[in-house]
Amino acid sequence: MIRTVSIIGLFAFCIAGAIEVTAEPTPFRAVYKADYKGLPLSAVGIRELKQIEDSKYLLSSTAKSFFASVTEQSIFTLEEQHIVPLEYQYKRTGIGKNREVNLTFDWEAGKVTSELKPWEIELTDGTLDKLLFQFRMREDLQDALQNGQPWPDMNYKVADGGRIKNYNFKVTGEEFIDTPVGRIRTVKAVRIREGGERSTTFWLAPNYEFMLVRLLQIEKKGKGFELLLTEAEFNGEQVQGF
């Protein structure tokens, strides 16, 4: 379980590269149909953002079926409108090898540490975790929309597997996605990778601060998974397409 950590000394985030956002995040809860490519199972996925303390938030993503489950959580804070990741947890059971990750971001010491498979690396400017970069992507697209700017190329530094990796995304267009709540206009963002068979694509809704509508990840030999929105509540109101 993710534990709450002290944020004493978090003024160091100004040096460590915390990322500025434009407003308080809007709480939401979205339910998805989750299909695992190459496996005879489907699941229900839930993504949720909620405030747990003053300026502290929990972003979570789960997908569960009778056979397997994947849970991902990120605790972060906003200090003077800057994103500061604090803790990250990932747990997968029942699909291939079981896997669990727990990361702690110590901004005072300038370190991010892994507890279960021990490693420690220095934090660099703008470091995020593997879930929180998706929140930052929404913020970048929302900022471009509000300022009437072209869709930006998005580049994020993510603590992953004992090193800082670069996650790069490009908007390739806009699409209408048919969902159980109606047709929703989306922006399509694709992760840019050099070589390899893996691909990741996000479809995000501008009318709901770029909330995820569809996610498709394809891995080797056609395996992977897909999320498709089936219902959602955004800022206390039901999401509806047309």
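A short reminder: the numbers here are calculations on the coordinates, not readings from a lab. Fair warning: this is a prediction, and the values are worked out from it, not measured in the lab. Cβ atoms come from the backbone with ideal geometry, glycine included; neighbour counts cover every protein chain shown.
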Practice item. Could you work out the relative contact order of the chain, using alpha carbon pairs under 8 angstrom and six or more residues apart, expressed as a whole percent? Key: 18
Study note, to complete from the structure: Among 189, 30, 109, the residue with the largest mean-square fluctuation in a Gaussian network model of the chain built from Cα contacts under 10 Å is 109
Exercise for review: Could you tell me what fraction of 2.2 N^0.38 Å the Cα radius of gyration of region 104-242 comes to, as a two-decimal ratio?
Suggested key: 1.17
Practice item. Please get the size of the charge dipole for region 59-209, origin at its Cα centre, with Cβ charges of +1 on Lys and Arg and -1 on Asp and Glu, quoted in debye to the nearest 20. Key: 820
Exercise for review: Sticking with the crude label model, points 7 Å out along Cα→Cβ, report the distance from residue 53 to residue 100 in nm, one decimal please.
Suggested key: 2.4
Review point. With the calculation restricted to Cα positions, what are the radius of gyration and Dmax of region 10-238 in angstrom?
Key: 17.2, 49
Point to revise | Residues 24, 79, sorted so that the one with the fewest Cβ neighbours within 10 Å comes first | key: 24, 79
Point to revise | Potential extension, residue 170-residue 91 segment - 0.36 nm per residue separation minus Cα distance | key: 25.6 nm
Check your understanding: When the chain is treated as a GNM, springs tying every alpha-carbon pair under 10 Å, which of 204, 86, 78 comes out with the largest mean-square fluctuation?
Key -> 78
Check your understanding: Hey, if you put +1 on the Cβ of every Lys and Arg and -1 on every Asp and Glu Cβ in the chain, which of 45, 239, 206 ends up farthest toward the positive end of that dipole?
Key -> 45
**Study point:** Size of electric dipole in region 173-231: Cβ of Lys, Arg +1 and of Asp, Glu -1, about Cα centre, debye, nearest 20
**Key:** 240
